[in-house]
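Peer 1: Before I ask anything, let me first share the structure, which is written out below as structure tokens.
The values are calculated or read from the model by the stated rules, or taken from the named source; none is laboratory data. Not measured: the values here are computed from a predicted model. Here the Cβ positions follow ideal geometry from the backbone for every residue, glycine too, while neighbour counts run over all protein chains shown. When the accessible area is computed, the model is the full protein with side chains, heavy atoms only, and any ligands, DNA or RNA have been set aside. Shrake-Rupley method; radii C 1.70, N 1.55, O 1.52, S 1.80 Å.
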Amino acid sequence: MRERSLRRANWYRHVLAVNAPVALACWLTSGGSLTARLKAHAGTFRVQVLRQRPAQCLADESGALGLPRIGNGRGRCWEREVLLRCDNTPVVFAHTVVPMSADAADWPLFSALGERSLGTTLFGDPMVARGPLEYARLRGSHPLARRARAALAGQGIAVPDELLLYARRCLYRRRQGTLLVTEVFLPQVAALVPKTSNTR
Ligand SMILES: C=C(O[C@@H]1C=C(C(=O)O)C=C[C@H]1O)C(=O)O
């Protein structure tokens, strides 16, 4: 039972429940496209694709996606993981899953995104409905905390296992499809400042 709890997070509808530092709470609760907000805080912005592959949904994702509980309780999905980089500094580890059962017409651009931001396809499409944000504090044992730390380690950036990472997730719907985006905010995001209007 303890092993299962280490792989899951408690997801809350209100950001106060995770007691995030103020500098992070502003990012966790920001409305609209995260891509657009990050671009407003950086000279350069990049989506670095880490992987896009078939995978099993994480233990605390199947329910959010409305997938039936099968076998070990986790359904098959398409998984996309990226680092969002501002002025080449990784600031967000993003993990997106789409149920394998989805019709290709539900998310027509998802499989061929490459380094284009997923946000540009979600926020530009009137057929996409966005659900409420949920927030969590990820312990070091959570799979997404481990993957975020591993991604940063691959860039020569060490994040201590004991450092709590704050995340948010949002369920998107289009036609009959669902898509779950989880964004893990990395410590470096707190240092971002808005570009001034006369910044070139
Ligand atoms: C949902 C958005 O798309 C962002 C880009 C992602 C990607 O390209 O995989 C994933 C999550 C988001 O941080 C957004 O910009 O709000």
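Peer 1: Counting only Cα atoms, I'd like the Rg/Rh figure for the range 2-191, Kirkwood definition for Rh. Before the final figure, lay out each step's value.
Peer 2: Working: Rg = 15.7 Å, Rh = 16.9 Å.
With Rh from the inverse mean 1/r over Cα pairs, Rg/Rh is 0.93.
Peer 1: Sort 87, 125 by accessible area with a 1.4 Å probe, largest first.
Peer 2: 87, 125
Peer 1: How about the range 51-126: which GluC sites (Glu not before Pro) there are in a DSSP loop, with at most 16 other Cβ atoms within 10 Å of their Cβ?
Peer 2: Hits after loop and neighbour filter: 115.
Peer 1: Moving on. Kindly report, to the nearest 10 Å², the accessible surface of residue 178 as traced by a 1.4 Å probe over protein heavy atoms only.
Peer 2: Here the accessible area works out near 20 Å².
Peer 1: At 1.4 Å probe radius, can you tell me the per residue accessible area of the range 1-157 in Å²? All intermediate terms of the calculation are to be shown ahead of the outcome.
Peer 2: Values: 7620 Å² over 157 residues.
Roughly 49 Å² per residue, with all protein chains present.
Peer 1: Specify the inter-centroid distance of the range 130-200 and the range 1-62, based on alpha-carbon positions, in whole Å.
Peer 2: Using only Cα atoms, the two centres lie 4 Å from each other.
Peer 1: Among the GluC sites (Glu not before Pro) in the range 133-200, which ones are in a DSSP loop with at most 13 other Cβ atoms within 10 Å of the Cβ? Mind listing them?
Peer 2: Here the GluC sites (Glu not before Pro) that fit, given the DSSP loop and packing criteria, are 162.
Peer 1: Now a separate question. Please list, ordered by chain and number, the residues whose modelled amide H lies under 5 Å from the amide H of residue 41; skip anything fewer than 5 residues away on the same chain.
Peer 2: Residues meeting the criterion, in which the H sits 1.01 Å from N, are 195.
Peer 1: Next up: Any idea which of 101, 91, 29 is furthest toward the positive side of the dipole for the range 22-167, if Lys and Arg beta-carbons carry +1 and Asp and Glu beta-carbons -1?
Peer 2: 91
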